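**Student:** Pasting a structure below so you can have a look.
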Amino acid sequence: LFAFILCFGCINVYADNGGYTIDNYAVNATYNSNNTIDVKEVIDVNFSSYRHGIYRNIPETMYINRDEKYKLKIQDINVLNDEYEVDSDSGNRVIQIGSADYTIIGPHTYTLTYKIVIPEDYHSDLDFIYYSVLGNNWDTTINHFSFNVQFEKALTEDEMSNIEVFSGSLGNQSNDLNVMPIITPTSISGDVYNIGAKQAITLFGELRQGY
């Protein structure tokens, strides 16, 4: 199972040319039974110097076991109360949030929503949950991170017991950030304080075929 974790392209956020920290970052998502994830992110950024905004990169490819590749679609992108442009670059969907005409300093909250469309997997005997709620390419600290993932179709007791959380540096096979998830038949949630740069949090679990 660790091979699934090691080969997943991470999701990352960064400000233009640095000069920021993240006070709070909240991810709320719904795992739908039609192989899509509806995501809402609220990111409280504190700029220490004048900047135009941030870039949000979302990978469009997911690699499993190196030789198993899935092409993702990132759809229905929207940013609330901020100018933004969407493009693709180096296998990522790139959301440039902010304006070239003005700069900001101090606290600012970014709210964005999007849909991840996942193709059918290549396995005939199982399905799986695989979601990096926090990517590993951050170049700054996160004072507080929280996530709440809802499931359209309820998990069984066996599926709930199979859910694992991997956290820490890239490729880590343990839970170094001590994420203590709350798992119910319809959700997984948790939060972490004082996350350093280059850290990630990934949820993984086997599901019944046809989930």
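**Student:** Name every residue in the range 152-169 that is open to solvent by 50 Å² or more (accessible area, probe 1.4 Å), under 18 Å from the mean Cα position of the chain (by Cα) and under 16 Å from Tyr131 (Cβ atoms), in order of residue number.
**Tutor:** Listed by number, the list holds a single entry, Glu164.
**Student:** A follow-up question, please. Anything in the range 60-97 that is open to solvent by 40 Å² or more (accessible area, probe 1.4 Å), over 27 Å from Asp23 (Cβ atoms) and either in contact with a helix residue (DSSP H, G or I) (Cβ under 6 Å, 6 or more places away or on another chain) or β-branched (Val, Ile, Thr) (or both)? List them, or say none.
**Tutor:** The answer is Asn65, and nothing else.
**Student:** Taking the range 102-113 on its own, how many of its residues are within 16 Å of Thr30 (Cα to Cα) and open to solvent by less than 10 Å² (accessible area, probe 1.4 Å)?
**Tutor:** So in the range 102-113, the residues within 16 Å of Thr30 (Cα to Cα) come out as 112-113.
Still in the list and also open to solvent by less than 10 Å² (accessible area, probe 1.4 Å): 112.
The qualifying residues number 1.
**Student:** Hand me the list of strands (runs of 3 or more DSSP E) wholly inside the range 1-86 holding 2 or more residues that are at pLDDT 95 or above and either within 19 Å of Phe145 (Cα to Cα) or touching a strand residue (DSSP E or B) at 6+ places or on another chain (Cβ under 7 Å) (or both). Write out each step before concluding.
**Tutor:** Working: elements: 12-15, 20-31, 36-51, 53-59, 61-64, 68-71, 73-80.
Answer list for the range 1-86: 20-31, 36-51, 73-80.
**Student:** Of the residues that make up the range 32-44, is at least one small (Gly, Ala, Ser), more than 25 Å from Ser99 (Cα to Cα) and surrounded by fewer than 19 Cβ atoms within 10 Å (Cβ to Cβ)?
**Tutor:** The answer is yes; a qualifying residue exists.
**Student:** Additional query: Quick one: which of Ile188, Ile183 is at pLDDT 95 or above, over 15 Å from the mean Cα position of the chain (by Cα) and surrounded by 15 or more Cβ atoms within 10 Å (Cβ to Cβ)?
**Tutor:** That would be Ile183, the only listed residue that is at pLDDT 95 or above, over 15 Å from the mean Cα position of the chain (by Cα) and surrounded by 15 or more Cβ atoms within 10 Å (Cβ to Cβ).
**Student:** State all residues of the range 132-149 that are of a type outside the set (S, T, N, Q) and modelled with pLDDT of 95 or more; if no residue qualifies, say none.
**Tutor:** So the first thing to find is which residues in the range 132-149 are of a type outside the set (S, T, N, Q), and the list is 133-135, 138-139, 142, 144-145, 147, 149.
Hits for the range 132-149 are His144, Phe145, Phe147, Val149.
Residue by residue, here is whether (1) open to solvent by 40 Å² or more (accessible area, probe 1.4 Å); (2) touching a helix residue (DSSP H, G or I) at 6+ places or on another chain (Cβ under 8 Å); (3) among the small types (Gly, Ala, Ser) holds:
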position	(1), (2), (3)
Ser99	no, no, yes
Lys115	yes, no, no
Asp127	no, no, no
Ser146	no, no, yes
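The values are calculated or read from the model by the stated rules, or taken from the named source; none is laboratory data. What you see is a predicted model; the values in this text were computed from it and never measured. FYI the Cβ positions are ideal-geometry reconstructions off the backbone, even for glycines, and counts take in every protein chain you see. SASA here: full protein model, heavy atoms, side chains in, ligands and nucleic acids out. Shrake-Rupley method; radii C 1.70, N 1.55, O 1.52, S 1.80 Å.
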